[in-house]
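Encoded as structure tokens, the structure appears first; notes follow it.
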Amino acid sequence: MHPMKAWMMAATPDEQQLLAHEAKTSRQYLYHLSNGHRTASAELGSAIERVTSAMAKKSKGRLPIVYRTDLVPACANCEFARKCLGPIAERASFEVVTSTEEV
């Protein structure tokens, strides 16, 4: 499953809207990314990584971080990204949360 799709499934509609607003995109475009119908620009991938990182911290890990390397093929193939992110650059990995109940 695409990491963005897993994030969308774990997030509430309000959290999805917050991500869209903070990343300067639309909730609909996030769905396009999560279903593989679109590819994010490097700028959008970076914004999504930054915002999901903050949201993961705020949710105490309930929401995962979606890395730019999950969304942007150029970033996934970038030597600099691989050096900075290490093994995460290959592909993010997290459990799919099917309930929004607090753990």
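The values are calculated or read from the model by the stated rules, or taken from the named source; none is laboratory data. Bear in mind that the values here come from a model prediction, so they are computed numbers and not experimental data. Methodologically, a virtual Cβ is constructed for each residue, glycine included, from the backbone with ideal geometry; neighbour enumeration extends over all protein chains shown.
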For this session: Residue by residue through region 1-30, note down the ones that are free of Cβ contacts under 8 Å to residues at least 12 places away in the same chain and in contact with a Ser or Thr (Cβ under 8 Å, 6 or more places away or on another chain).
Result: 20
Seminar exercise, completed: Going through region 70-83 in order, the residues found to be out of contact with any Lys or Arg (no Cβ under 6 Å at 6 or more places or on another chain), modelled with pLDDT under 85 and not in a loop (DSSP other than H, G, I, E, B) are 73, 74, 76, 79, 80, 81, 82, 83
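Looking at 25, 69, 52, can you tell me which residue is among the β-branched types (Val, Ile, Thr), out of contact with any Gly (no Cβ under 7 Å at 6 or more places or on another chain) and farther than 25 Å from residue 83 by Cβ? First the steps, then the outcome.
Details: 69 fails: farther than 25 Å from residue 83 by Cβ; 52 fails: farther than 25 Å from residue 83 by Cβ.
Checking each option against the conditions leaves just 25.
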